[in-house]
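Following: one structure in structure tokens, then a few remarks.
The values are calculated or read from the model by the stated rules, or taken from the named source; none is laboratory data. Small disclaimer: the values here were computed from a predicted structure and weren't measured. Just so you know, the surface numbers come from the protein's heavy atoms only, side chains and all, with ligands and any DNA or RNA stripped out. Shrake-Rupley method; radii C 1.70, N 1.55, O 1.52, S 1.80 Å.
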Amino acid sequence: MTPTGPARGPRKAAGANGSNRRTELLAIAAQLFATRGYSQTTVRDIADEAGILSGSLYHHFDSKEAMLGEILHGFLEGLHAQYAEVVAQDVSAREKFDGLVRSSFRTIHEQQHAVALYQNEYAVTANLPGFDFVTRTSRSIERTWIEVLEAGRESGDFRPALEMKIVYRLLRDAMWSTVRWYNPRGKLRHDKLAEQYLELVHDGLLADAT
């Protein structure tokens, strides 16, 4: 089934209260999709969690797929925009790289369920009709990272022998997989996690032999 959300755009809610309710419902859906799985989550599950009748959900969204589309579209477009701000700065490639890393960990902290949903369901959603934006935006994000890495190699910030497409994938998977154990309400803050990650990338694991 073609999702009505991405294809036709989100429904317009009546007033601020309607808009707030939509945001609430999307947050509930994102949590359930991320923790139970998209296929295993029903419209009734979302409605029950929100304390409303299943039919009431359709006053805000056309379908479960429409909700999934809005969650992923908002997440990916927001992340892409954050990265664009970082790389637009007049700083070195290494500083841009550090900025991308910090922005990513901040996103994991602020949008844990959307990140987990994207990670868990990418293979499914990327092939759904009307969800081509998932692959398109993901590839654009990948190009952003690789351009920064290659610029760093050319400037001498990064080692010349490294294959940056491979480097990106290793860095990406190590970074985004932390959503599986990072606790936004725990003692470990996302900025501390980012700094530990950067320290490991910059200086490695082995102690200085000298």
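A few notes on this one:
- In degrees, nearest ten, helix 15-36 long axis to first principal axis of the chain (Cα): 70
- Each semi-axis of the equivalent ellipsoid for the chain is √(5λ) with λ an eigenvalue of the Cα gyration tensor; in descending order they amount to 36, 18, 15 Å.
- Accessible area of the range 86-172 belonging to carbon and sulfur atoms, whole % at 1.4 Å probe: 47
- On the principal axes of its alpha carbon atoms, the range 136-210 extends 47, 40, 16 Å, with the longest extent given first.
- Tilt relative to the chain, helix 112-125 - C-alpha long axis, 0 to 90 degrees, to 10: 80
- Cα long-axis angle, helix 93-110 against the chain (0 to 90 degrees, to the nearest 10): 30
- Stretching the chain fully between Ser19 and Asp157 yields a gain of 45.1 nm (0.36 nm per residue, less the alpha carbon separation).
- Partner aspartates and glutamates whose Cα lies under 16 Å from the Cα of Lys64, excluding those fewer than 8 positions away in the same chain, are identified as Glu24, Asp45, Asp48, Glu49, Glu121.
- If you take the alpha carbon atoms of the range 73-136 and fit the smallest convex hull around them, that volume is 87 Å³ per residue.
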